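Peer 1: Next up is a structure, given as structure tokens.
Derivation of every value follows stated rules applied to the coordinates shown; laboratory data play no part. Note that the structure is a prediction, hence the values are computed from the model and not measured. Ideal geometry is used to build each Cβ from the backbone, glycine not excepted, and the neighbour counts take in all protein chains shown.
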Amino acid sequence: MGKKVYTCFCTSVIHKGHLNIINEALKLGEVTVGVLSDGAMIRYNRFPTCTFEERLAAAKAMDGVSKVVVQRDMMYDDIIAELRPDCVIHGDNWCNSEAPEYFIRQNVESCLKKYGGKIVDVPYTFDPDVKRIDDLDKERLAMPEFRRKRLRQLIKMCPIVKTIEAHSGLTGLIAEKTVVRQDDGRLDQFDAMWVSSLCDSTAKGKPDIELVDMSSRLRTIDDIMEVTTKPIILDGDTGGLTEHFVYNVRTLERIGVSAVIIEDKCGLKKNSLFGTEVKQTQDTIENFCAKIAAGKDALRTKEFMIIARCESLILEQGMDDALTRCHAYVKAGADGIMIHSRKKDPAEILEFCDKFRAADKTTPIVVVPTSFNSVTEAELAAHGVNICIYANQLTRAAFPAMQSVAQDLLRYHRAQEVDSRLMPFKKIITLIDS
Ligand code: SPV
Ligand code: MG
């Protein structure tokens, strides 16, 4: 009797390379194909360009495959325990100790070792057709119709959508390409990007008072979009005049932004992290609801999200005011709410989330844990939060590093003393696709 052979597919498009693996697998015995679940695929690799059901159907349609199963985790412990295959077959790209998949190979090896199973590494198919198909699949993800809907898809797929600030092509590339291996060996990456008014203004050397106008914000978004595929949430400040907001949401929707978050302040906007130290005025519920409703009315897709940000806790107006406002904003059509706080202790935010969720089970909640930074993503998710935004950490990391290098160049009148703190350009350009 032939051997039990297992291979897992983590792809939206089946090409020559996959067919080659199946052919090699068939030479060994009876082939079971695992299709990686959406949740595992988005942490491991690229966001799928087709649905899970379509990926499953494509695997079932392959000649010679005896069985198709769902692999729910990027690690193989559960699936190997369930199937006990004699061998797991995979492209030999995972043999490269620099590749993120290398640790997955190690995981497979240790799972198989328990009962004498083997890994079969098949030479990776380097072929111009395969590369072209792969490039096309990636490029598709950057197109507005794919990128725009991706935030709503992620909210359904992820326990919490991990979002990081980007304000340039380079920070966009960091958001797009940073992948880490967790202690448990699993890979992780960010899901989405936040184009912060604070960081976009700071990058331009300007205060965060809605001085950087929409044309300039769109230029920043375009720079990011040119080199990334992940969805974008724009910090829309107050949304400006309703008469302008209705035009701006249409532009954002058309270019493929996924969401705009507007805050319930009016007059000269100051950054929320100043709280009551500066004069800030909250809009009336009535006016802000009218702005949300007008924005929703202007949209042409069901994909783009208008998220209402409530400043009641920042402006010390109390929990009840925050809850009343957020429920009213949802009633006016908001697709999500963002609640902000500048307390160090996350208790206030968590209390809000619990109370909001008690009355509204579905509307997405967004938080920005800058001040209450001890809270973990898992805790936020347990309190019903859907999107966690790391709103300014990249800017705050880069600024002191650049400032101290500038000071030392002036201090030593040469560059040698700073060199050990610098990344070689050769390494930086590995981020950039050529
Ligand atoms: C931003 O990043 O610009 C924000 C979030 O609006 S905060 O700075 O915390 O107000
Ligand atoms: Mg802002």
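Peer 1: When only alpha-carbon atoms count, how far does the stretch 329-399 stretch along each of its three principal axes, as whole angstroms with the largest first?
Peer 2: 41, 23, 19
Peer 1: Still on this structure, I have one more. Do me a favour and compute the ellipsoid semi-axes for the stretch 88-166 from its Cα gyration tensor, root of five times each eigenvalue, largest one first, whole Å.
Peer 2: Over the Cα atoms of the stretch 88-166, the ellipsoid semi-axes are 32, 20, 11 Å.
Peer 1: Rule-of-thumb check for the stretch 144-391: C-alpha Rg over 2.2 N^0.38 Å?
Peer 2: The value comes to 0.94.
Peer 1: Additional query: Over the residues of the stretch 32-103, compute the C-alpha Rg and express it relative to 2.2 N^0.38 Å.
Peer 2: 1.15
Peer 1: Can you give the Rg and Dmax of the stretch 208-335 based on its C-alpha atoms, in angstrom?
Peer 2: Looking at the stretch 208-335, its Cα Rg and Dmax stand at 14.6, 43 Å.
Peer 1: Something else about it: Among all the lysines, which ones have a C-alpha under 28 Å from LYS427's C-alpha, if same-chain residues fewer than 8 places away are not counted?
Peer 2: Straight-distance partners of LYS427: LYS131, LYS138, LYS162, LYS177, LYS204, LYS230.
Peer 1: So what is the 222 nm mean residue ellipticity for the chain from helices alone, if each DSSP H run of at least 4 adds -39500 (n - 2.57) and you divide by all residues, rounding to the nearest 500 deg cm²/dmol?
Peer 2: -13500 deg cm²/dmol
Peer 1: Can you give me the Cα centroid spacing of the stretch 219-244 and the stretch 149-164 in angstrom?
Peer 2: Using only Cα atoms, the two centres lie 17 Å from each other.
Peer 1: Given the stretch 122-182, report the % of alpha carbon pairs whose separation exceeds 15 Å.
Peer 2: 71 percent
Peer 1: While we're looking at this one, here's another question. Projected area of the chain, taken from the Cα convex hull and averaged over every viewing direction, in nm²?
Peer 2: 24.1 nm²
Peer 1: Find, among the GluC sites (Glu not before Pro) in the stretch 75-104, those assigned to loop by DSSP (not H, G, I, E, B) with at most 16 other beta-carbon atoms within 10 angstrom.
Peer 2: Answer by residue number: GLU98.
Peer 1: Suppose each label sits 7 Å from its Cα in the direction of the beta carbon; what would the ASP188-ASP213 distance come out to in nanometres?
Peer 2: Label at ASP188, label at ASP213, 4.2 nm between them.
Peer 1: Cα to Cα, under 26 Å, and not fewer than 8 places away if on the same chain: which lysines meet these conditions relative to LYS113?
Peer 2: Those lysines meeting the cut-off are LYS3, LYS4, LYS27, LYS67.
Peer 1: Then there is this: If each of ALA358 and GLN416 carries a label point 7 Å out from its Cα toward its Cβ, how far apart are those two points in nm?
Peer 2: 6.7 nm
Peer 1: Two-decimal Rg/Rh of the stretch 15-72 from alpha-carbon positions, Kirkwood Rh?
Peer 2: Taking Rg over the Kirkwood Rh, I get 0.98.
Peer 1: Would you please name the trypsin sites (Lys or Arg not before Pro) within the stretch 390-426 that are DSSP coil residues with at most 12 other C-beta atoms within 10 Å of their C-beta?
Peer 2: Here the sparse-neighbourhood loop sites are ARG414.
Peer 1: Dividing the convex hull volume of the Cα atoms of the stretch 3-135 by its residue count, what figure in Å³ per residue is obtained?
Peer 2: Spelled out: Cα convex hull of the stretch 3-135, divided by residues, is 101 Å³.
Peer 1: In the chain, if the dipole is taken from +1 on Lys/Arg beta carbons and -1 on Asp/Glu beta carbons about the Cα centre, which of ASN23, THR228, MET214 is farthest to the positive end?
Peer 2: ASN23
Peer 1: Please list, in order along the stretch 37-49, the HN-Hα scalar couplings obtained from phi with the Karplus expression 6.51 cos²θ - 1.76 cosθ + 1.60 (θ = phi - 60°), rounded to whole Hz, x for Gly and Pro.
Peer 2: Values, residue by residue: 5, 4, x, 6, 5, 6, 7, 7, 9, 9, 5, x, 8 Hz.
Peer 1: Next up: What do you get for trypsin sites (Lys or Arg not before Pro) in the stretch 52-97 restricted to DSSP loop and a cutoff of at most 16 other Cβ within 10 Å of the site's Cβ?
Peer 2: The qualifying sites are ARG72.
Peer 1: Here is a follow-up. Given H placed 1.01 Å from N in the peptide plane, which residues other than close sequence neighbours of ASP264 have an amide H under 5 Å from its amide H?
Peer 2: When sequence neighbours closer than 5 places are left aside, the close amide H contacts are ARG309, GLU311.
Peer 1: Moving on. Taking a label point 7 Å from the Cα of THR251 along the Cα→Cβ vector, which residues of the stretch 212-241 have an amide N closer than 12 Å to it?
Peer 2: Only 213-222 fall inside the zone, counting backbone N under 12 Å.
Peer 1: For the stretch 122-268, count the residues as N, evaluate 2.2 N^0.38 Å, and divide the Cα radius of gyration by that value, please.
Peer 2: For the stretch 122-268, the normalised Cα radius of gyration comes out at 1.18.
Peer 1: Hey, what do the phi angles of the stretch 351-356 turn into as Karplus ³J(HN,Hα) couplings, whole Hz, using 6.51/-1.76/1.60 and θ = phi - 60°, x for Gly and Pro?
Peer 2: Per residue, the Karplus-derived 3J(HN,Hα) values read 4, 4, 4, 4, 5, 5 Hz.
Peer 1: Check GLY34: other-chain or 5+ apart residues with amide H under 5 Å from its amide H, H built from backbone geometry?
Peer 2: THR7, CYS8, PHE9, VAL69
Peer 1: Given the convex hull of the Cα atoms of the stretch 274-428, what is a quarter of its surface area in nm²?
Peer 2: 13.7 nm²
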